[in-house]
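Just below is one structure, and these are the notes that go with it.
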Amino acid sequence: MAKVSNFFKELLRLLSEEFIRTWLFPAATTVGVGVIGWFESLPWFYILLGSGVMFAAATTGVLRFSEWRFRVTTKDKLSFQNIRIARILSEQGQVTGVRLGLQVHNQALYPIEFERIEMQTSLNGLYPNKIPYQNNVAVIPPNGWGFFDDHGIDLGQTDRAGKIFEGSLYARLVYGRPNKLDREMEIKKKIFVKFSVQGDIEVCEWAD
């Protein structure tokens, strides 16, 4: 039922935003001006001129309205930017584990608040300990950057010299204007970490 409901919501959104606003409104107003001119027995030159002016005005108005909506709404304002990886070092300075996270970007002209609902990371079949996060909520300034990391993954005595480990990251969060988190975002990435012959992190790459 939820999938059917989401389908109809998306269909109504497409009808209202794509068809009615983008196509029907400019076409209807242009034809309407032409019909009025025809009923008033105006010369065809003035009918075509008036219809052209109305079409230009209607399309410009739709464009400005779309730009305004894009600026004021929170939809798609928070975007995934990059995978973060940090070393966990022993007292002797050796890499004993890694911590995976991600970076997001606020494309809005106002602050965006987000809350981490769920996060799961893994590397080479190893997972971090499930410990409650101290802080799941953050506010990103306009055109600013935000990040959050998972708990560390203990690599132990795993042989990794010169090898490539495959892992994954999954995160689900809600975001929006401060105190109004009305958007949801899911991030799923595959992660590849190459270690040097000394066992240190050499390269970290990600893919969808």
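Per-residue answers, yes or no, for (1) touching a Pro at 6+ places or on another chain (Cβ under 9 Å); (2) open to solvent by 70 Å² or more (accessible area, probe 1.4 Å); (3) modelled with pLDDT of 70 or more; (4) among the hydroxyl-bearing types (Ser, Thr, Tyr):
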{"residue": "Leu15", "(1), (2), (3), (4)": "no, yes, no, no"}
{"residue": "Pro26", "(1), (2), (3), (4)": "no, no, yes, no"}
{"residue": "Ile47", "(1), (2), (3), (4)": "no, no, yes, no"}
{"residue": "Ser51", "(1), (2), (3), (4)": "no, no, yes, yes"}
{"residue": "Trp68", "(1), (2), (3), (4)": "no, yes, no, no"}
{"residue": "Ala86", "(1), (2), (3), (4)": "no, no, yes, no"}
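For region 160-176, the criterion of being in a strand (DSSP E or B), of a type in the set (Ser, Thr, Tyr) and buried (at least 18 other Cβ atoms within 10 Å of the Cβ) is satisfied by at least one residue. The numbered conditions (1) open to solvent by 80 Å² or more (accessible area, probe 1.4 Å); (2) without any contact (Cβ under 8 Å) to a residue 40 or more places away in the chain; (3) not basic (Lys, Arg) are all true for Trp206 except (2). Here Tyr170 meets each of (1) closer than 23 Å to Ala207 by Cβ; (2) touching a Pro at 6+ places or on another chain (Cβ under 8 Å) with one exception, condition (2). Cβ separations smaller than 9 Å between residues 6+ apart or across chains give the following pairs from region 28-48 residues that are aromatic (Phe, Trp, Tyr) to residues that are surrounded by 15 or more Cβ atoms within 10 Å (Cβ to Cβ): Trp38/Ile47; Trp44/Gly37; Tyr46/Gly37. Gly101 falls short on exactly one of the conditions (1) at pLDDT 90 or above; (2) open to solvent by less than 40 Å² (accessible area, probe 1.4 Å); (3) in contact with a Gly (Cβ under 7 Å, 6 or more places away or on another chain), and that condition is (3).
Of the residues making up region 143-159, those that are more than 12 Å from Asp200 (Cα to Cα), touching a residue at least 12 places away in the same chain (Cβ under 8 Å) and either assigned to a loop (DSSP other than H, G, I, E, B) or polar (S, T, N, Q) (or both) are Asn143, Gly144, Asp150, His151, Gly152, Gly156, Thr158. Of the residues screened, Ile153 is one that is β-branched (Val, Ile, Thr), in contact with a Pro (Cβ under 8 Å, 6 or more places away or on another chain) and open to solvent by less than 70 Å² (accessible area, probe 1.4 Å). Within region 108-126, the set of residues being in a loop (DSSP other than H, G, I, E, B), at pLDDT 90 or above and within 18 Å of the chain's Cα centre (by Cα) comprises just one member, Pro111.
The values are calculated or read from the model by the stated rules, or taken from the named source; none is laboratory data. A quick note: this is a predicted structure, and the numbers were derived from the prediction, not measured. Backbone-built Cβ (ideal geometry, glycine too); neighbour counts: all protein chains shown. Remember, those area values only see protein heavy atoms, side chains included, never the ligands or the DNA or RNA. Shrake-Rupley method; radii C 1.70, N 1.55, O 1.52, S 1.80 Å.
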